[in-house]
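Student: Sharing a structure here in structure tokens format.
The values are calculated or read from the model by the stated rules, or taken from the named source; none is laboratory data. Keep in mind that this is a model prediction, so the values were computed, not measured. Note: ideal-geometry Cβ built from the backbone for every residue, glycine included; neighbour counts use all protein chains shown.
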Amino acid sequence: MKLLPWLLLLPALALNGPACQSVAVADLPVLEFRLEGPQEDVDLVIQHENKELRLGPAHSYHVKKAFVSEDISGFPGVMFEIADEEQEAFFLWTDANTQKGLAVFHDGEFLTYAIIQTGLKRGGLISRGMPGFSEGEAEALAAKLNPH
């Protein structure tokens, strides 16, 4: 049985990572989220695990903070929190798109694919399921997504 990545499968309940200094939203790192879309909305096609993902337009949100955590299987992952000013929009967008496939990118690099299970109020967890990120990969991604 193959486990799906746990990105955005559960709301980020414990965003208690390192404290964050005040940084202007425009200066924060950005995550891009792309839904699997109907034919007319597709603007990017990628291969993932022997499957062609036909992805719609990017929805970008700024990351307030990020830190290494674990997914529900105990594999390394990266918790992220969306900037305060964008949290309501992020929740509304994820809530409106539950049960849809989602690809996540940072700086044009594909990070993971998952199914949105519920609207996310503050952020979520990026993981890769089995075998997951290595500890070093998770630390490197958290460092890229951390504004300090």
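Okay, residues lined up against (1) modelled with pLDDT of 95 or more; (2) at positive phi; (3) among the aliphatic types (A, V, I, L, M):
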{"site": "Ala96", "(1), (2), (3)": "yes, no, yes"}
{"site": "Phe105", "(1), (2), (3)": "yes, no, no"}
{"site": "Gly108", "(1), (2), (3)": "no, yes, no"}
{"site": "Gln117", "(1), (2), (3)": "no, no, no"}
{"site": "Lys121", "(1), (2), (3)": "no, no, no"}
{"site": "Ser127", "(1), (2), (3)": "no, no, no"}
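Student: Pairs only if they're at least six apart or on different chains, beta carbon under 8 angstrom, first in region 109-123 and touching a residue at least 40 places away in the same chain (Cβ under 8 Å), second assigned to a loop (DSSP other than H, G, I, E, B) and β-branched (Val, Ile, Thr); list them, first residue then second.
Tutor: So the pair list comes out as Ile116/Thr98; Gln117/Thr98; Thr118/Thr98; Gly119/Thr98.
Student: Then there is this: What residue, of Leu31, Leu10, is in a strand (DSSP E or B) and either modelled with pLDDT under 95 or surrounded by 20 or more Cβ atoms within 10 Å (Cβ to Cβ) (or both)?
Tutor: Leu31
Student: Within region 44-88, work out how many residues are touching a strand residue (DSSP E or B) at 6+ places or on another chain (Cβ under 6 Å), at pLDDT below 95 and part of a loop (DSSP other than H, G, I, E, B).
Tutor: 1
Student: Hey, among the residues in region 90-138 that are touching a Leu at 6+ places or on another chain (Cβ under 7 Å) and among the basic types (Lys, Arg), which one's surrounded by the most Cβ atoms within 10 Å (Cβ to Cβ)?
Tutor: Only one residue tops the list, namely Arg122.
Student: Ok, one more. Among the numbered conditions (1) touching a Lys or Arg at 6+ places or on another chain (Cβ under 6 Å); (2) crowded, with 18+ Cβ neighbours inside 10 Å, tell me where Val45 comes up short.
Tutor: (2)
Student: Okay, next question. How about region 68-96: which of its residues are among the aliphatic types (A, V, I, L, M) and under 18 Å from His106 (Cα atoms)?
Tutor: Val68, Val78, Met79, Ile82, Ala83
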